[in-house]
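Participant: Below is one structure. I have some questions about it.
The values are calculated or read from the model by the stated rules, or taken from the named source; none is laboratory data. Everything numeric in this text was worked out from a predicted model, so none of it was measured. Note that we place each Cβ from the backbone using ideal geometry, even for glycine, and neighbour counts take in every protein chain shown. Side chains included, ligands, DNA and RNA excluded: accessible areas come from the protein's heavy atoms. Shrake-Rupley method; radii C 1.70, N 1.55, O 1.52, S 1.80 Å.
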Amino acid sequence: MSGVSKILGVAGLASAMLLGGCEVGPKITQQTGYRGTGGDQIIDVRHMVKASAIPAPPYALPDDSGPRARETYQNVKVLGDVSTERFNHLMASINQWVAPPEQGCNYCHNPNNMASDEKYTKVVARRMLQMTRQINGKWSSHVKATGVTCYTCHRGNAVPAYKWAIAEGVADPNSIVRNKHGQNTPNVSVGYASLPYDPFATYLNGKAQIRVAASSQYPSPDHVVSIKEAEKSYGLMMHMSTALGVNCTYCHNTQSFRSWTISRPQRVTAYYGIRMVRDINGQYIDSLASVFPAYRKGPHGDPYKANCQTCHQGQSKPLGGISMLAANPTLKAPPMPTAAPEGGAAGKAVPAVLADPQAMTRRQ
């Protein structure tokens, strides 16, 4: 073999090895912005998540007339204002959506005393019903008119398939020996990147600022963000990209990832979504910490919580954007008080940002 042939052979082998790290195969490209703005969505056909089959209602939805649920049953602390027949219809639906088939109603109830709260699953289910109705009302800025039901997350499982708890740490977090500080271990939570793989506790349960890009190229005491903070923020973005099955350009314009004025409308929806998940985890799931048994908690003893993947499961719109609320109107939002509900500040924040692009990256 000549020297030239050897060089070409080595080059070909090197090229093959490099391409081995790429995802080959058919792709679908959709232009989502003006030409030249880098707003394309590139979809790997092999990894597209197919829409889940929506389960048929257990039986036809009855009207909302007749006695109220609180008049028929004892200890009805949620949904007592709906009719008994509508209440029964929802219970039958929850059997399909959540309860293991072999247990049915007995998953939450003592069959000899249906009013009893002795099973923790009943206490949790009651709180989750409150949460679902609140999401459909208070957080319509994210779920829109499509809304959510128990099935959106559970998909026939007693516990949603996608959840998180505080990641298990090393024995001595103050030591540098074998302590990666949650980094450099490719993890599914951050798209198998070597980024901090537990951004959820910081951003989806805590209220840390996700913003990392400054409004100026010069150092400023109003914007001090470490590289580690930036990496953790990027880890959350990787999670969101995987959870929705989209590229970064689904929300951002590559000309400036920071700028809101040139971002797509989906970024505003995501802004509300992050705050919605914080509300879900902080107000509803964490409040059940003393109720959940140990086997329903993470390695640090905190309950399993929600993230973007819990609902989206690889689709930009959960369940392909199909709404189940029309068939389950009992889960629509309860009448809202005349006063602005909690979260109203979030509803005003994004319009303010659109008028002042600097606002989202300014230290508060």
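Participant: ILE42 to LYS317: extension gain in nm, 0.36 nm per residue of separation minus the Cα-Cα distance?
Facilitator: Working it through step by step, the gained length comes to 97.3 nm.
Participant: Out of TYR218, TYR272, GLY298, whose Cα points farthest toward the positive end of the dipole of region 186-319 (charges: +1 Lys, Arg; -1 Asp, Glu; placed on Cβ)?
Facilitator: After comparing all options, I get TYR272.
Participant: Next question. How much length is gained if the chain between ASN113 and THR29 is pulled fully straight, taking 0.36 nm per residue apart and subtracting their Cα-Cα distance, in nm to one decimal?
Facilitator: Here the segment from ASN113 to THR29 would lengthen by 24.5 nm.
Participant: What accessible surface, in Å², does a 1.4 Å probe find on LYS317, ignoring ligands, DNA and RNA and rounding to the nearest 10?
Facilitator: Counting only protein heavy atoms, the figure is 120 Å².
Participant: Something else about it: Just to confirm a number: summing +1 for Lys and Arg and -1 for Asp and Glu over residues other than ASN205 whose beta-carbon lies under 13 angstrom from that of ASN205, what do you get?
Facilitator: For residues surrounding ASN205, the net value is +1.
Participant: Listed here are the pairs LYS138/LYS332; LYS119/LYS332; LYS119/LYS297; LYS207/LYS332; LYS77/LYS207; which of them are more than 20 Å apart at the Cα?
Facilitator: Result: LYS119/LYS332; LYS207/LYS332; LYS77/LYS207 exceed 20 Å.
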